[in-house]
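Data first, discussion second: the structure below is written as structure tokens.
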Amino acid sequence: MLLVAAVLSAACFPAHGQGTKADSERAAAMEQAVRGKVLNERLAITWREDGRLIYWRELGEGRRTCVVLDPETGERQPAFDHAQMAAVLGAATGRALDPERLPIARIDWSGDSIRLALEGDARAWSFDPAAGAVRELSIDELGTLPPRRRVRPSVTRGGETAVVFVNRTSGPIELRWIDFEGQERSYGTVAPGASRRQHTFAGHVWRVTDVEGNGLGVFQAGAEAGVAVVGGEPAGTADDSPPLRRTNAMASPDGRWEAFFKNSNLHLRRGDATNDALPTTQVTTDGTPDDPYGGPVHWSPDSKHLVVLRTRKGDDRRVHYVESSPRDQLQPKLHAYPYLKPGDRIPEPRPVLIDVASWQAVPIDASLLENAWSVSEIHWTPDSSRFLFLFNQRGHQLLRVISVDAASGVATVVVEERSPTFIDYAGKLFLHYLDDRDELLWMSERDGWNHLYLVDSRTGSVKRQVTKGDWAVRTVERVDETRRDVWFLAGGVRAGQDPYFLHACRADLDDASLVVLTEGDGTHEVAYAPDRRWIVDRWSRADQPPVTELRRADDGRLVCELERADWSALLATGWQPPEPFVAKGRDGVTDIYGVIWRPSNHDPARRYPVIENIYAGPQSAYVPKAFQVWNGARSLAELGFVVVQVDGMGTSHRSKAFHDVCWKNLGDAGFPDRIAWIKAAAAKDPSMDLSRVGIYGGSAGGQNALRGLLAHGDFYRVGVADCGCHDNRMDKIWWNELWMGWPIGPEYEEQSNVTQAHRLTGQLLLIVGEMDENVDPASTMQVVDALIRADKDFDLLVIPGVGHGAAETPYGR
């Protein structure tokens, strides 16, 4: 990014500059100035046992009030007497508390009493509104998070939440977020005897240390705000259950048998887990270390059969790298990790059916299982007559749901999905068995759009296309087998709106009737009441702050608007909303969607260099649709640039034809659409100077950024490519074979940035972390080698001790 800014600035008119010290200082000041300037941007909503919902309404200048609302009537009132609570809590804690600025870090209801913790206080309290009194609680009564034994990378398991860290140690503690690569990022300290409410997301992992870095605890955030107590007596450990004496033993449903694996083979023994002396039977004898039997074990409900997997081992490719500057020693370290690449021999699984009475394997027709990528979703029918499973063939052009008769081993195809391009099993796969009617719910793009189908699980016939239209099912949230309906998020279902906007929907499995539960012209995120009678719908656009509504879950009717975010203070800072922009793509017909960010001091009479933030990975779409006050694109724009982001053809979430553009064609990266879109935007806004266009991205975006210079050097003049997968033969197997195909074809070499490096024009900065375990860092170095051989000028930044996303480190930025 820095090189993009510096080189594009060099051609600026003398009277104006981009990326100057003054621009940087103004951008930094703007980022600080806009914080907290949107009121009621996100409501923290909880549901009471009596069916009412509660949330905090922000009033401005740090003031807020807690509101309780009856969803039946839409009527709301204060959840408690704020002045009363301030008075009694102030007396108990010795603090002067403002009723409109109560420093509550966590609050919940227990009957008629209110339990809470205050910011900066390691104690908990119970407030009785009727008696006007408080009593001190153990912090554990608020429901503490159990500490974990091991540090793991964060994962995303839900929306925004919080952890209240309580410091019961004698010194300050430091909070460290463990990112998705397992790297630690410090979030400051908490004083002894104090607490802090830390915003986070469900599934994120936090490590707590003392100021010298000694570990004090590891906690993982849940969906609801939790309390993490550091020091004192721990509340328990998430991973502290005693190890099972037989960790690989799997009992039959009737308890008579245990299956286990030993020396690559399947064994059975009587199910008395207290007696190690019971005789065992070796059921299989042909398992070897290179072709072993393994778990998990899938027992039939009647315990007469079981299914295991036998997996022929694949290649043992390992990627090596040198950690040049380890923090714990002077000398470098050599690291290695398993990493299959396109074309490698993969582990090949196949299911094995075992008849318990005869101790014999029942043969299954192997012709349906050739070149297996995976065997998954193994499922027995309740009557134990058969089991079904999902077969994904390598090359990702064939998916099958196969049914196997338990008595004979005869296998039949229930669902067969074929594609001349690819089947997006990674992003558009859904299979749900409906046993009560011998059905399954299946996701497919067979009609050109991603939809749901109800299939007879015995005959394989499609009983009903549950969803249909020129729009796409994005995520299935719930199948209600009692009501016979499916709840999901869809894009493009509201005519006239951006097709990437998400809306909540429900469809009936029996008559395919569709109810769109959300309405506003924006992208929606929804949360359901515990009884699923009500929907809290929060929707926004890139250029509009959130509106939070309460809707009925049966028909989507609006009950009331809870809050409409107030951004007047934000606009008063000079902050300008980004501009969503639509233009035709390469075919002159298809609408292409993107967003434009301009500096807050944008002058329409000036000419600004243009920088594209690119990521064209086919697994998703990337243009922000929801409201954001600040992000990386805006930070860059504030330095004096017009920054754009576009989803071109070949990315996901539109039609199958739109997505198929990427097939064996990742080098395309939607550039014909992107360039057409940028030119259309500049025709509308003459301040966009298309003689100075830069591009940057990381990972697949790093591959794309360099490809822009190589294939479209007449348009893109400067590029920054971070940790790029520059040659798809060098990158991880699943991602590349899914889009580029298998067996390896000539497209891999033709579209490699290494083989095309000689075409470089313009200014290039390559960035890579030496410890990248997502994309082999040698991929960047092979580009370096090719550029040197072609006698091309470029810049290179290798960051020691850093993994994937090196440009997102403070120095990289």
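The values are calculated or read from the model by the stated rules, or taken from the named source; none is laboratory data. This is a predicted model, so every value here is computed, not measured. A quick note on method: Cβ atoms are made from the backbone with ideal geometry, for glycine too, and the neighbour counts reach across all protein chains shown. When the accessible area is computed, the model is the full protein with side chains, heavy atoms only, and any ligands, DNA or RNA have been set aside. Shrake-Rupley method; radii C 1.70, N 1.55, O 1.52, S 1.80 Å.
Below, the figures for the structure above:
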item	result
Accessible surface ranking that places the most exposed of 297, 404 first, with a 1.4 angstrom probe	297, 404
Dimensionless Rg/Rh of region 519-593 - Kirkwood Rh, Rg from C-alpha atoms	1.12
Exceeding the 18 Å Cα-Cα cut-off - candidates 625/679; 584/684; 428/468; 664/792	625/679; 664/792
Residue 313/residue 126 FRET efficiency (R0 56 Å; Cβ-Cβ; nearest 0.05)	0.45
Chain lengthening between residue 558 and residue 63 when straightened (0.36 nm per residue, less Cα-Cα)	175.4 nm
Cβ-based charge dipole, region 345-396, positive-most Cα from 389, 362, 346	346
CD proxy at 222 nm, helix term only [per DSSP H run n ≥ 4: -39500 (n - 2.57); per residue of the chain; nearest 500]	-3500 deg cm²/dmol
Inter-probe distance in nm under a simple model that places probes 7 Å from Cα toward Cβ, at residue 397 and residue 49	6.0
Sites residue 773 and residue 133, calculated FRET efficiency, Cβ-Cβ separation with R0 51 Å, nearest 0.05	0.35
Potential extension, residue 185-residue 72 segment - 0.36 nm per residue separation minus Cα distance	36.2 nm
Packing rank of 597-608, 302-313, where each peptide gets the mean count of other beta carbons within 10 Å, highest leading	302-313, 597-608
Stokes-Einstein diffusion coefficient of region 730-813, Kirkwood radius over Cα pairs, 10 °C, 1.306 mPa s, in µm²/s	113
Segment residue 262-residue 285, length gained on full extension (0.36 nm per residue, minus Cα span)	7.2 nm
Surface per residue (accessible, 1.4 Å probe) for the chain, Å²	42
Normalised contact order of region 607-727, rounded percent, pairs of Cα under 8 Å and 6 or more residues apart	30
Accessible-area composition of region 623-693, carbon plus sulfur, in percent [1.4 Å probe]	58
Accessible carbon and sulfur surface of region 71-150 relative to its total accessible area, %, 1.4 Å	46
The chain - charge dipole about Cα centre, Lys and Arg +1 at Cβ, Asp and Glu -1, debye rounded to 20	820
Percent of alpha-carbon pairs separated by more than 37 Å within the chain	54
Candidate lysines for bridging to residue 313, where Cα separation is under 23 Å - those fewer than 8 sequence places away on the same chain excluded	262, 341, 732
Separation of the residue 687 and residue 483 label points, Cα + 7 Å toward Cβ, nm	4.8
Estimated inter-spin distance, residue 355 and residue 418, nm [label 7 Å along Cα→Cβ]	3.4
Among beta bridges that DSSP assigns inside the chain, antiparallel share in %, nearest 5	85
Value of relative contact order over region 248-337, rounded to a whole percent, pairs C-alpha under 8 Å and six or more apart	19
Convex hull volume per residue for region 423-568, taking Cα atoms only, in Å³	122
Whole-number percent relative contact order across the chain, with pairs defined as alpha carbons under 8 Å at least 6 apart	9
Once exposed loop GluC sites (Glu not before Pro) are cut out (DSSP; at most 12 other Cβ, 10 Å), longest piece of the chain	371-813
